[in-house]
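Below you'll find the structure, written out as structure tokens, and then a few comments.
The values are calculated or read from the model by the stated rules, or taken from the named source; none is laboratory data. Keep in mind it's a predicted model, so treat the numbers as computed, not measured. Virtual Cβ from ideal backbone geometry, glycine too; neighbours counted across all protein chains shown. Note: areas computed on protein heavy atoms with side chains; ligands, DNA, RNA excluded. Shrake-Rupley method; radii C 1.70, N 1.55, O 1.52, S 1.80 Å.
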Amino acid sequence: MSHLSSPPPKHKGEHKGHSLPRGSERGSSSRDKDRSVTANGSVPMPAGGKGSRTNCSQPQKVSNRLINEKSPYLLQHAYNPVDWYPWGQEAFDKARKENKPIFLSVGYSTCHWCHMMEEESFQNEEIGRLLNEDFVSVKVDREERPDVDKVYMTFVQATSSGGGWPMNVWLTPNLQPFVGGTYFPPEDGLTRIGFRTVLLRIREQWKQNKNTLLENSQRVTTALLARSEISTGDRQLPPSAATMNSRCFQQLDEGYDEEYGGFAEAPKFPTPVILNFLFSYWLSHRLTQDGSRAQQMALHTLKMMANGGIRDHVGQGFHRYSTDRQWHVPHFEKMLYDQGQLAVAYSQAFQISGDEFYSDVAKGILQYVSRNLSHRSGGFYSAEDADSPPERGMRPKEGAFYVWTVKEVQQLLPEPVHGATEPLTSGQLLMKHYGLTEAGNISPNQDPKGELQGQNVLTVRYSLELTAARFGLDVEAVRTLLNTGLEKLFQARKHRPKPHLDSKMLAAWNGGAAVSD
């Protein structure tokens, strides 16, 4: 049994088996509210986000074991009515002693759908009782324990149509998975089974058909481990690097989106590692048609991303991913490792093409990281949340810090534009160039919770030349007016409640940011 909901992103990856991670003893119980430093040697896969929604409605009076953890994500769940355990021997011993399945929930502190599930299910008293009575519940920060996340994400990807966060997996007391999925709504819907129903069904099956569950779990685990074995068949040597590079290029070429760039329909992720590969491929094949094609795919993708709403045109930096093919409506969290890798990719694009457009984007990324993600000691924070209150005291909503209404822009930019061929204000110029509309430019398909109605995401609709020609203006004059307008929006945005900041510092991510800086 597996589950994948429609809102969270679906991710395809290698379905390689991994040995089950060994339990570790709980770490220090000291709590560092400012930041925690974690050494992490891997860059996790992408997903969705949220932050400080947890204690906004009605704070719980009793804390659980997570109150003694250092992870910002685990601390966000410290007042749930769920009797959470951190990943460790204490939870495993309890499951074996009481013969209960383990409910493993993995996420991270800026994950929108993680926090939606917390608000809907993990703060629900009835669901909390179900979990406490019949399961041993374990919370994991995927950025603290990428090893645990990788193992069980492999299971979820192999037994369903994708993966993502929150990742929810049910395990035997011996840590073997038998059911997995991502986001579950609290109750049954037309197309999705509810979390409460899943819990009740698993409880019943564990009591009545436990041996069958254990046999199925062992069968899946064995199959996944077999997949991880490397076989060269009849060959004595693996394929050469040149052969593998050529195969990779051909696969990317076949899946390329000619119109909007990128290598998928939706959702679309920046995947800078792919762009870096294409630049490397071009470097070694510059005189060939394939080399030119590799360069074109990378440059076009980077340009379309930078013009799209996945880029924060007001405050710079890139959001996590686009929910649509056009790079228009993002999932709004911002991750440090995306910024570091994309700064390198845009710098390479400038070096290769000589087009200052790419260097300007790279500078903007570094400006954002320096301003928003830098600690005074020199380290870099992990992420900023997707959600924040539209106004102080209000319930957080996705993208509230980043989106705009036409009315707001008109009020902020009322100045007339002199020399235009028709009556025009700075606000109207900016709205035309960035595609803002009275009704909002976000499709309901990209707004499953209805939190973005009437709002607009800035995304470049026209070149500077076309916008200038539309109003009979000089290109440089239009550039100056748009930059001035964006600066005024930036200053106005400073007065909005800020998204939650994940202040932990991860060694690998800091290394990537330091290289790009």
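Could you pull out the trypsin sites (Lys or Arg not before Pro) across segment 59-141 that fall in loop regions by DSSP (anything but H, G, I, E, B) with no more than 12 other Cβ atoms inside 10 Å?
Working: sites: 61, 65, 70, 94, 96, 97, 129, 139; in loops: 61, 70.
Here the sparse-neighbourhood loop sites are 61.
Which net charge results for the neighbourhood of residue 345, defined as the other residues with beta-carbon distances under 12 angstrom from its beta-carbon, given Lys and Arg at +1 and Asp and Glu at -1? It would help to have the intermediate numbers written out before the result.
Working: positive: 303; negative: 338.
So the surrounding residues net to 0.
Which whole-number percent gives the relative contact order of segment 65-227, counting Cα pairs below 8 Å spaced six or more residues apart? Walk me through the numbers before you get to the answer.
Values: 258 pairs, mean separation 36.9, N = 163.
In percent, rounded to a whole number, it is 23.
Beta carbons within 10 angstrom, averaged per residue: use that to sort the peptides 321-331, 191-201, highest first. Let's see the in-between values first.
Values: 321-331: 24.2, 191-201: 16.5.
Packing proxy ranking, top to bottom: 321-331, 191-201.
Could you give me D for segment 60-197, from Stokes-Einstein at 37 °C and 0.692 mPa s, where the hydrodynamic radius is the Kirkwood radius over C-alpha pairs? Units µm² s⁻¹, please.
Answer, rounded: 220 µm²/s.
On full extension of the chain, what length is gained from residue 370 through residue 288, given 0.36 nm per residue of separation minus the C-alpha to C-alpha distance?
Details: separation 82, 0.36 × 82 = 29.52 nm, distance 3.97 nm.
My answer for the length gained is 25.6 nm.
Determine, for each peptide in 474-486, 362-374, 145-157, the mean count of other beta carbons within 10 angstrom over its residues, then list the peptides with the highest first. Mind showing how you got there, number by number?
Working: 474-486: 15.7, 362-374: 18.5, 145-157: 22.4.
With the highest mean Cβ count within 10 Å placed first, the list reads 145-157, 362-374, 474-486.
Quick one: if the Förster radius is 35 Å, what FRET efficiency do residue 251 and residue 204 give, using the C-beta to C-beta distance and rounding to 0.05? Could the numbers behind the result be given before it?
Working: r = 44 Å, r/R0 = 1.26.
With a Förster radius of 35 Å, E is 0.20.
Provide the net charge surrounding residue 310, with neighbours chosen by a C-beta distance below 9 Å and charges set as Lys +1, Arg +1, Asp -1, Glu -1. List each step's numbers first, then the result.
On the way: positive: 268, 311, 320; negative: 312.
Every neighbour counted, the sum reads +2.
Determine the alpha carbon to alpha carbon distance for each of 303/498; 363/494; 70/210; 449/498; 407/504; 139/210 and list only those over 26 Å. Mind dumping the intermediate values first?
Numbers: 303/498 28 Å; 363/494 21 Å; 70/210 36 Å; 449/498 21 Å; 407/504 37 Å; 139/210 24 Å.
Going by Cα-Cα distance, 303/498; 70/210; 407/504 fall outside the 26 Å limit.
Quick one: net charge around residue 463, please, counting Lys, Arg +1 and Asp, Glu -1 for every other residue with C-beta under 12 Å from its C-beta.
Details: positive: 303, 461, 470, 479; negative: 465.
Once all neighbours under 12 Å are counted, the net charge is +3.
First compute the accessible area of segment 65-227 with a 1.4 Å probe, then give the percent of it belonging to carbon and sulfur atoms. Provide the component values of the computation, followed by the final result.
On the way: 2540 of 5500 Å².
Carbon with sulfur: 46 percent of the solvent-accessible area.
Run the numbers for residue 214 and residue 395: contour at 0.36 nm per residue of separation, minus the present Cα-Cα distance, in nm.
Numbers: separation 181, 0.36 × 181 = 65.16 nm, distance 4.26 nm.
That works out to 60.9 nm of additional length.
Stretched out fully, how many nm does the piece from residue 225 to residue 432 gain, at 0.36 nm a residue minus the Cα gap? Mind dumping the intermediate values first?
Values: separation 207, 0.36 × 207 = 74.52 nm, distance 5.46 nm.
Between residue 225 and residue 432, full extension yields an extra 69.1 nm.
Can you give me the distance in nm between label points at residue 351 and residue 474, each placed 7 Å from the Cα along the Cα-to-Cβ direction?
If labels sit at residue 351 and residue 474, their model points lie 3.6 nm apart.
Can you put 495, 313, 500 in order of accessible area, largest first, using a 1.4 Å probe?
Numbers: 495 145, 313 15, 500 40 Å².
Most to least solvent-accessible, the answer reads 495, 500, 313.
Taking only C-alpha pairs under 8 Å that are 6+ residues apart, what is the relative contact order of segment 389-494 in percent? Present the calculation step by step, with values, prior to reporting the outcome.
Numbers: 132 pairs, mean separation 29.1, N = 106.
Over segment 389-494, the number comes to 27 percent.
Under a 1.4 Å probe, what is the accessible area of segment 97-202 per residue, stated in Å²? Working shown, then result.
On the way: 2790 Å² over 106 residues.
Per residue, segment 97-202 has an accessible area of 26 Å².
In whole Å, what are the extents of segment 389-494 along the principal axes defined by its C-alpha atoms, from largest to smallest?
Extents along the principal axes, in whole Å: 44, 28, 19.
Of 71, 292, which has the most accessible area with a 1.4 Å probe, and how do the rest follow in descending order? Mind showing how you got there, number by number?
Working: 71 0, 292 60 Å².
My answer, sorted largest first, is 292, 71.
For residue 282, what accessible surface area do you get with a 1.4 Å probe? Give it in Å², rounded to 10.
Rounded to the nearest 10, the figure is 40 Å².
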